[in-house]
Amino acid sequence: MKLLNRLSGYPASPAGMERPVLRAIPRILVYGIVLLGLPSLLVRLVEWPATEQEIERLTTTVDIYALALLMVHLNVVVFIATYAIIIMVMKGPGYVADAYPLEDADAPAKPLRRGN
C-alpha cells in the first residue's frame with residue numbers, strides 16, 4: 001500500500017509566483033547576510049577620531065543593531081519560504097489522505113437521549 005495515493009481527475013493548478021520566490025530565496029538570504037554584516041565590518045576598519053571607549057561603544061551599538069536586523073531578515077526569509085512551499089503543495093495534485101475501510105454500520109447510531 002502506498003502512503004499517498006493521488007486522486008483521479010483532480011487537476012493541478014499552474015505554478016504562479018511561488019516558484020520564482022523559492023528560486024530567489026538562497027540569493028536573498030546570502031545578499032541580506034552580507035549587506036547586514038557590512039556595517040559591523042566598516043565600523044572596525046575605519047579610523048575614528050574618538051577615544052577608545054567611544055569607539056568600543058559605537059562598535060557594540062552597531063553590532064547589536066546589525067545582529068537584530070539579521071535576525072529579522074532570517075525570520076522574514078524563513079516565513080516567506082514557508083508560505084511559498086505551502087502554496088506550492090496546495091496547488092499540486094490531490095491525495096487520498098486516510099483511505100481505510102469504515103468498520104461502522106451502514107448508518108450512524110442514533111444519539112442517546114439525555115434526561116429522564
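Overview of values
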item	result
Flag for Leu41 being of a type in the set (A, V, I, L, M, F, W, C), touching a Leu at 6+ places or on another chain (Cβ under 6 Å) and surrounded by 11 or more Cβ atoms within 10 Å (Cβ to Cβ)	no
Residue identified as surrounded by 11 or more Cβ atoms within 10 Å (Cβ to Cβ) and either farther than 30 Å from Tyr10 by Cβ or at pLDDT 90 or above (or both) among Val96, Val30, Val62, Val34	Val62
Which listed residue, of Ala50, Ala84, Ala68, is at pLDDT 90 or above and either out of contact with any Asp or Glu (no Cβ under 7 Å at 6 or more places or on another chain) or assigned to a loop (DSSP other than H, G, I, E, B) (or both)	Ala68
Residue check for Gly16: surrounded by 10 or more Cβ atoms within 10 Å (Cβ to Cβ), of a type outside the set (Lys, Arg) and not in a helix (DSSP H, G or I)	yes
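The values are calculated or read from the model by the stated rules, or taken from the named source; none is laboratory data. This is a predicted model, so every value here is computed, not measured. Positions of Cβ are generated from backbone atoms using ideal geometry, with glycine treated the same way; all protein chains shown enter the neighbour counts.
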